[in-house]
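Undergrad: Structure below; questions to follow.
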Amino acid sequence: MARSARSTVELVETIYDAHQRELFTFAVRACRDHEAAEDLVHEAFIRLIGEMQADRTPRQVRAWLYRVVANLIVSQARHAIVVERHASTTRDDVGPERTYLDREQQSYLDIALGELGEDALTALLMAASGFNGMEIADAIGRSGNATRTLMSRTRLQLRHRLESNGTFP
């Protein structure tokens, strides 16, 4: 038992050394907050340790880690939206004008990305981080052709949304 724990620790250390920096960069690009990105990467590695201890080591560890980080980002964004909705309904001084101005200040890109499905968002974020189609397909559990179709449709959908807001030339 002690030997398997030791080998798990050594393997996780090797994986951490190999992928931590690129996962952190990916997380910073996605959430734009260094401290949150650090937390996301650490949480992904904690989950990896749990999977390895349960003898469920992912086949593609790098892609699996990216998927976990992307899922955590989506979960945090959804949580933040719920918190903001709740906070705006509990404020006494918030009127329709203030609500409108608050929404105007938000980035249209963030809104459009937030409307994407989990697989679509993960695929786009991974593609922006340099993953190839097959790595993305493996991470989101789709075939290569289905992933290419998803990414193409998602890019068109995103472009259309941004054009309709006047934020894309």
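The values are calculated or read from the model by the stated rules, or taken from the named source; none is laboratory data. Because the structure is a prediction, the values reported are computed rather than measured. Cβ atoms come from the backbone with ideal geometry, glycine included; neighbour counts cover every protein chain shown.
Undergrad: Here is a check on your reading of the model: is Val94 hydrophobic (A, V, I, L, M, F, W, C) and at pLDDT below 70?
TA: yes
Undergrad: Of everything in region 34-56 that's closer than 20 Å to Val9 by Cα and of a type in the set (Gly, Ala, Ser), which residue is modelled with the highest pLDDT?
TA: The qualifying residue modelled with the highest pLDDT is Ala44.
Undergrad: Go through the residues of region 43-55 one by one and say whether even a single one is within 14 Å of the chain's Cα centre (by Cα) and not assigned by TED's automatic domain parsing to the domain that holds Met126. Give the steps one after another, and end with the answer.
TA: Narrowing region 43-55 to residues within 14 Å of the chain's Cα centre (by Cα): 43-44.
Narrowing further to those that are not assigned by TED's automatic domain parsing to the domain that holds Met126: 43-44.
Within region 43-55, one or more residues are within 14 Å of the chain's Cα centre (by Cα) and not assigned by TED's automatic domain parsing to the domain that holds Met126.
Undergrad: Of (1) loosely packed, with under 11 Cβ neighbours inside 10 Å; (2) within 18 Å of Ile136 (Cα to Cα), Ala27 satisfies all except one. Which?
TA: Among (1) loosely packed, with under 11 Cβ neighbours inside 10 Å; (2) within 18 Å of Ile136 (Cα to Cα), the lone unmet condition for Ala27 is (1).
Undergrad: Report, by residue number, each residue of region 131-146 that is over 17 Å from the mean Cα position of the chain (by Cα) and aliphatic (A, V, I, L, M).
TA: Those that are over 17 Å from the mean Cα position of the chain (by Cα) and aliphatic (A, V, I, L, M): Met134, Ala146.
Undergrad: Now a separate question. For residues in region 1-24 being surrounded by 14 or more Cβ atoms within 10 Å (Cβ to Cβ) and of a type in the set (S, T, N, Q), which is farthest from the chain's Cα centre (by Cα)?
TA: If we take residues in region 1-24 being surrounded by 14 or more Cβ atoms within 10 Å (Cβ to Cβ) and of a type in the set (S, T, N, Q), then Thr8 is farthest from the chain's Cα centre (by Cα).
Let's see how each residue does on (1) in contact with a strand residue (DSSP E or B) (Cβ under 8 Å, 6 or more places away or on another chain); (2) among the β-branched types (Val, Ile, Thr); (3) modelled with pLDDT of 90 or more; (4) more than 21 Å from Glu118 (Cβ to Cβ):
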{"residue": "Met1", "(1), (2), (3), (4)": "no, no, no, yes"}
{"residue": "Thr8", "(1), (2), (3), (4)": "no, yes, no, yes"}
{"residue": "Ile15", "(1), (2), (3), (4)": "no, yes, yes, yes"}
{"residue": "Arg29", "(1), (2), (3), (4)": "no, no, no, no"}
{"residue": "Arg32", "(1), (2), (3), (4)": "no, no, no, no"}
{"residue": "Pro58", "(1), (2), (3), (4)": "no, no, yes, no"}
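Here's the yes/no breakdown for (1) among the aliphatic types (A, V, I, L, M); (2) part of a helix (DSSP H, G or I); (3) within 24 Å of Asp110 (Cβ to Cβ):
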site: Ser7; (1), (2), (3): no, yes, no
site: Leu23; (1), (2), (3): yes, yes, yes
site: Phe26; (1), (2), (3): no, yes, yes
site: Glu38; (1), (2), (3): no, yes, yes
site: Val41; (1), (2), (3): yes, yes, yes
site: Ile46; (1), (2), (3): yes, yes, no
site: Arg59; (1), (2), (3): no, no, no
site: Arg67; (1), (2), (3): no, yes, yes
